[in-house]
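To keep things clear, I will list the structure first and then write my remarks on it.
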Amino acid sequence: MSDPRRPIDDPDAPPSEEELAASSALRDALDDPSATGAEVELARSLRSAWSPRDLAPEQHADLVKEAVARRDTVRRRRATVVRVSFGASAVVALAAGVLLVVWNGSGGSMVGRPPSPDLARSYAAVAVSRSTQPLFTDRFAPRGGESGRIDRIAMARASDLRDNEFAKWGVR
Amino acid sequence: MKHGWLLLAIALGLGGGAAACRSEPAGAGCPGVESSSPPIDPPVMAFLSAARALHHEADIREAEGDLPGAIAALERLVATSAPRAVEVDEVLADARARLAELRLERGDVEGAQREVEQGLQHAQGPTYFRGHLLEVEGRVEERRAAALGDAGHGAEAAKVRAHAVSLLEEAVRVQEQVIEHALADGGARD
């Protein structure tokens, strides 16, 4: 429990010698810009909030110098970012362009790249349209024989179509 | 920055070159493109199946003595919409040759001549199909020469007969070319 008769507990008690000395030191410190200390900084902040003063010319110069230096650093960094972005975009465009052109989305066929052995075999397996001449060893009879010829052609190409379908399904 | 533009230019160049390769129909100078011939696919097979059925239908009509019916079946064949393929051309050439013979049998010399001419459009290379069409054309001219002779146009008949002989000779030459090609291929058969 506090004792109202003790000066430290009584807000209306007159200041002690010690308190007067501290007050005087703080006042002197506020007048001296080079003075440092937690209490001095606090007192300066309170005074600036209550009645701000112009910055000292040196302090102003320091702030400007620091701001300009920071701006230069940011500009250099931004220029680097722009350059790197363009370079990366070009590389990505190069890769995407080549991939888009050579890649056949559905069939996945690759142009400009040697096919794998399996793929090469499947290409070789595809029967393409060609003359049916090799199906006939002799010249045609002067009259008739057309049905026999179309029978032979249809059967040969039906076999080709089956091979092509199997090759497409990848079961050959 | 300079490097960025350079790389972009290279990318565009490569893309354009590859695109040109893909759009090249014959694949000339483009790696990985082996042949411009289309593969044997269902549309080609469907046409060949229809042609086969119509030839057999024409056989039945012919056997019954129904030449108009046989001609009608083959007219359907040549009117069938067909995909582009070598086989299709050769089958159409053969069907035209048969139509020409049937028309000739009915005495329609001009109709037979038209069929041969259209058939030759489908058989331009040295094949038995072209040789056969030339042979049929020679017979058409032979029939025309006979008709002209019967009508008393001796001079014109002689001219047409000479033309018939030249067509038959040409037919033989084509057949010989086919044989030479076959021998050059080592007798390879499909």
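So here's what we get for this one:
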{"item": "Residue within the stretch B:143-157 that is within 14 Å of chain A (Cβ to nearest Cβ), within 25 Å of residue A:134 (Cα to Cα) and assigned to a helix (DSSP H, G or I) present", "result": "no"}
{"item": "Scan of the stretch B:91-142 for residues that are of a type in the set (Ser, Thr, Tyr) and assigned to a helix (DSSP H, G or I), ordered by number", "result": "B:128"}
{"item": "Every residue from the stretch A:138-166 that is of a type in the set (Phe, Trp, Tyr) and either within 7 Å of chain B (Cβ to nearest Cβ) or under 21 Å from residue B:177 (Cα atoms) (or both)", "result": "A:140"}
{"item": "Candidate set from the stretch B:144-180 (those that are loosely packed, with under 15 Cβ neighbours inside 10 Å and small (Gly, Ala, Ser)); member that is nearest to residue B:130 (Cα to Cα)", "result": "B:166"}
{"item": "Residue match in the stretch A:151-167 (condition: within 44 Å of the chain's Cα centre (by Cα) and modelled with pLDDT of 75 or more)", "result": "yes"}
{"item": "Exclusive hit being under 29 Å from residue A:128 (Cβ atoms), crowded, with 23+ Cβ neighbours inside 10 Å and either among the hydrophobic types (A, V, I, L, M, F, W, C) or more than 10 Å from chain A (Cβ to nearest Cβ) (or both), set B:46, B:112, B:93", "result": "B:93"}
{"item": "Qualifying residue in the stretch A:96-119 (condition: under 45 Å from the mean Cα position of the chain (by Cα), loosely packed, with under 12 Cβ neighbours inside 10 Å and at pLDDT 70 or above)", "result": "no"}
{"item": "Pair list, Cβ under 6 Å, 6 or more apart: the stretch A:139-156 residue under 21 Å from residue B:45 (Cα atoms), other residue modelled with pLDDT under 95 and surrounded by fewer than 18 Cβ atoms within 10 Å (Cβ to Cβ)", "result": "A:152/A:135; A:156/A:135"}
{"item": "Qualifying position, being surrounded by 14 or more Cβ atoms within 10 Å (Cβ to Cβ) and in contact with an Asp or Glu (Cβ under 8 Å, 6 or more places away or on another chain), among B:104, B:134", "result": "B:134"}
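The values are calculated or read from the model by the stated rules, or taken from the named source; none is laboratory data. Here the structure is a predicted model, which means the values were calculated and not measured. In this analysis, Cβ positions are derived from the backbone assuming ideal geometry, glycine residues included, and neighbour counts consider all displayed protein chains.
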